[in-house]
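For reference, the structure discussed in these notes is given below.
Every number in this text was worked out from the coordinates using simple rules, so none of it is lab data. Please read these numbers as outputs of a predicted model, since none were measured by experiment. Every residue, glycine as well, gets a Cβ built from its backbone with ideal geometry; the counts of neighbours run over all protein chains shown.
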């Protein structure tokens, strides 16, 4: 029986949507490029009065109402390359029966700093968190909100680029796009993925 099989047993009231913000746990990674996805979910939680509590699904999670929908918000407590372990458990926990009802918010090297794209399914652009999620869900059909963090100056600098805190000017741009990404998630909930793509993928800043 597959992860998204509608006949499998439910636990509690299902959520209409599961929104997961990717990042690494621990203070040393806070405010880094790699953690902007987690920051978006934390922003949504503040906006909508949702408490993110530690859960046995290896995540901080909570449920709130956005645009009249029951939305589960979560931040994995796994490291980025193990994100799928938490996401698969959250899918079961919140009764998500279609991969399209999963929205992953993550950093994107292939977009310039401050750019934002909404995407449904498709390639993973080498992102280790997305690779882990595809492995555990058995599909790449989930939605994504991609936050541009820019490419590192060299392949060797890749880890430092995403794991260390960026310069102040870059961080200021990221703070703006984190708010815009939260807007994009709200648009997905309220108007659907196609409308959100039309609104947020038109070029932006």
Quiz prompt | Tensor-based shape of segment 105-173 (alpha-carbon gyration tensor, a/c under 1.5 rounded, otherwise prolate or oblate) | solution = prolate
Quiz item: Per-residue ellipticity at 222 nm for the chain, helices alone: DSSP H runs ≥ 4 residues times -39500 (n - 2.57), over residue total, nearest 500 deg cm²/dmol?
Solution: -11000 deg cm²/dmol
Exercise. Report, for the chain, the % of DSSP beta bridges that are antiparallel, rounded to 5.
Key: 55 percent
Quiz item: Under 15 Å from the 7 Å Cα→Cβ point of residue 168, by amide nitrogen: which residues of segment 110-146?
Solution: none
Self-check item: Relative contact order computed over segment 47-203 (Cα-Cα under 8 Å; 6+ residues apart), in percent
Solution: 23 percent
Self-check item: Matching label, P(r) over Cα pairs in 10 Å bins from 0, in percent computed from the structure shown, candidates (i) 9, 32, 29, 19, 9, 2, 0; (ii) 9, 39, 38, 12, 2, 0; (iii) 8, 26, 22, 19, 16, 8, 2
Solution: (ii)
Quiz item: Over segment 94-204, what is the percentage of antiparallel beta bridges among all DSSP beta bridges, to the nearest 5?
Solution: 45 percent
Quiz item: For the Cα atoms of the chain, what angle does the longest principal axis make with the long axis of helix 168-191, in degrees from 0 to 90, nearest 10?
Solution: 30 degrees
Quiz item: What ranking of 65, 13, 78 emerges when the number of other C-beta atoms within 10 Å of each C-beta is taken as an exposure proxy, fewest first?
Solution: 13, 65, 78
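Quick one: 183, 107, 97, fewest Cβ neighbours within 10 Å first, how do they rank?
Arranged by neighbour count, lowest to highest, 183, 107, 97 become 97, 183, 107.
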Quiz item: If you stretched the chain out fully between residue 30 and residue 140, how much longer would it get, using 0.36 nm times the residue separation minus the C-alpha to C-alpha distance?
Solution: 36.9 nm
